[in-house]
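These notes concern the structure reproduced below.
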Amino acid sequence: MFTPPFILSIAGGGSTYTPGIVKSLMVRLADFPLAEIRLYDIDEARQSTIAPVVEKVIRDHSQSIKFTVTRDAQTAFRGAHFIFSQMRVGQYKMRELDEKIPLKHGVVGQETCGPGGLAYGLRTILPMVELIDLVERFADKAAWIVNYANPAAIVAEGVRRLRPNARVLNICDMPVAAMRNMGAILGVDRHKLEVDYFGLNHFGWFTRVRVDGEDQLPALRRHIAKFGLLTEDAAQTDPQHADPSWVKTWRNIKPIMDNFPEYLPNPYLQYYLMSEQIVAHQDPDHTRANEVMEGREKKLFAAAQEYQSTGILPDAFHVGVHGAFIVDVACSLAFDLRQRHLVIVENRGAIANLPYDAMVEVPAYITSQGAEPVRMGAVPLFHQTLLMQQLASEQLLVEAAIEGSYEKALQAFTLNRTVPTMVHAKTLLDEMIEANRDYWPALKKAWQEGELR
């Protein structure tokens, strides 16, 4: 364990999530003391716009914390104890294409699920490995990377294959957001919940939801049958997941549980189990990427410009589960707290009837040495089969990225449950290769060579 105060680097410092994460750190300084916060981003313009907002948040709570903004990896990571990774390779321009290209062909258009998630994964695997190498070169030898970079399942599998000994803990706030909603329904804070959960990232199920040792899943079933995973008045405590598209997502848990009531599904399972209905209600010309760019992104950048002009920072960002969760995990790593959190880890028997080396999402006790997964046992055949198909798609995609293999990329797209046929898979992959020509040079070359043969 390190001796506090800590040096923390945030990779992807220009993200609009950064001020919320830093605010979460500031209100937890007694739990997670900091000597320095460093922002690191390859997009200088974006980071330089966000940085003054971040500095204002820091100075409202501390005058002693050193604040560094840089594009230089050595400056960013030298001697760092913790690195929070939230890179978005291709930014929102590419996210928009990830969502709109599939919708044009009648297939789910989503950031991390379906063809869009596969495309995003192909862009992110190798940059994540580059980040790990930079951290291992410059940071403290015992430094931890806590990774939020999406699509988390694919990134985690790529790291497992290419850097198996890296000190990386992959996390996602989606199950925690679901727990926040459960807590609101049950009238308790999410930290009072102890859940059992099995699956892959964005592809899993809650099997128990305990409050003071008593399983509340039956009560949640009754509520969801009427309202979905929302409070009766649909009030949300976290604007990050309260936009109209998110309200629909929380409500869509109801039809899934109407058909399969045993377990409470991750909200993203709607894209795999209700893909036709999802596509029917998506606007191919205005997707979630546009909502974010016109909403959270626009609001925060406008606030940053106003702050630079007037010295007054509007209330433009919110501290929700995204920031709170990563700080919870970092505290448990730093002080060997053995707190129980849902994280992404190598299976190693946690789910008895999934492969030993699968990257799964399960409860784990977070120690100074990493995550100790809780054994969930064997899962039912229906869930096992769905998980195996999704796992195969993700693993083939990682192999495609590593090998520059067009055929394996096509297999990954074909196996994905959101893609109706092989013909759809090929059409989508070919169009996405062209859209990602600056990010997938090896795959583009393999595609072109295949055309020439």
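Structure notes:
- Taking every DSSP beta bridge that has both ends in the chain, the antiparallel portion is near 55%.
- For the stretch 285-313, backbone nitrogen atoms closer than 14 Å to the point 7 Å from Lys56 Cα along Cα-to-C-beta are found at 299-313.
- The stretch 334-410: relative contact order as a whole-number percent, Cα under 8 Å and 6+ apart: 25 percent
- Prolate/oblate/rounded call for the stretch 172-320, Cα gyration tensor, a/c under 1.5 rounded: oblate
- Reported label for calculated Cα extents along the principal axes in Å given (1) 72, 44, 42; (2) 59, 58, 43; (3) 68, 56, 43: (2)
- Peptides 391-400, 361-370, 52-61 ordered by packing proxy, namely the average of other Cβ atoms within 10 Å per residue, highest first: 391-400, 361-370, 52-61.
- Spread over its residues, the convex hull of the C-alpha atoms of the stretch 118-159 is 58 Å³ per residue.
- Whole-number percent relative contact order across the chain, with pairs defined as alpha carbons under 8 Å at least 6 apart: 17 percent
- Loop-resident sites, the stretch 321-356, for chymotrypsin sites (Phe, Trp or Tyr not before Pro), counting at most 14 other Cβ within 10 Å (DSSP): Tyr356
- Aspartates and glutamates whose Cα lies under 15 Å from that of Lys56, excluding same-chain neighbours fewer than 8 positions away: Glu36, Glu306, Asp315
- Under the criterion of Cα pairs below 8 Å and six or more residues apart, the relative contact order for the stretch 248-322 equals 17 percent.
- For the stretch 327-377, the list of trypsin sites (Lys or Arg not before Pro) that fall in a loop by DSSP and count at most 15 other C-beta atoms within 10 angstrom reads Arg338, Arg348, Arg375.
- Between the beta carbons of Ala225 and Lys445, assuming R0 = 35 Å, the FRET efficiency works out to 0.10 to the nearest 0.05.
- Rounded Å value of the spacing that divides the Cα centres of the stretch 72-143 and the stretch 7-31: 18 Å
- Taken about its Cα centre, the chain carries a charge dipole of about 340 debye when Lys and Arg each add +1 at the Cβ and Asp and Glu each add -1 at the Cβ.
- Selection from Thr18, Ile351, Ala303 lying farthest towards where the dipole of the chain points positive, charges on Cβ: Ile351
- When the P(r) of the stretch 318-387 is calculated, the portion above 13 Å amounts to 66% of the C-alpha pairs.
- Net charge of Cβ neighbours under 11 Å - reference Tyr307; Lys, Arg +1; Asp, Glu -1: -1
- Ordering of 422-430, 5-13 by packing [mean C-beta count within 10 Å, highest first]: 5-13, 422-430
- Its DSSP H runs of at least 4 residues, each contributing -39,500 (n - 2.57), put the calculated 222 nm mean residue ellipticity of the chain at -15000 deg cm²/dmol, to the nearest 500.
- Oblate is the label for the stretch 238-381, because a/c, from the alpha-carbon gyration tensor with a ≥ b ≥ c as root eigenvalues, is 1.5 or above and a/b does not exceed b/c.
- Using every pair of distinct Cα positions in the stretch 1-116, the Kirkwood expression returns a hydrodynamic radius of 15.5 angstrom.
- Segment Arg348-Asp233, length gained on full extension (0.36 nm per residue, minus Cα span): 37.2 nm
- Shape analysis of the stretch 90-190 places it in the oblate category; the axes a ≥ b ≥ c from the Cα gyration tensor give an a/c of at least 1.5, with a/b not above b/c.
Read-outs: derived from the displayed coordinates by stated rules, not from any lab. Here the structure is a predicted model, which is why all the values come from computation and not from measurement. Cβ sites come from the backbone with ideal geometry, for glycine too, and all protein chains shown count toward neighbours.
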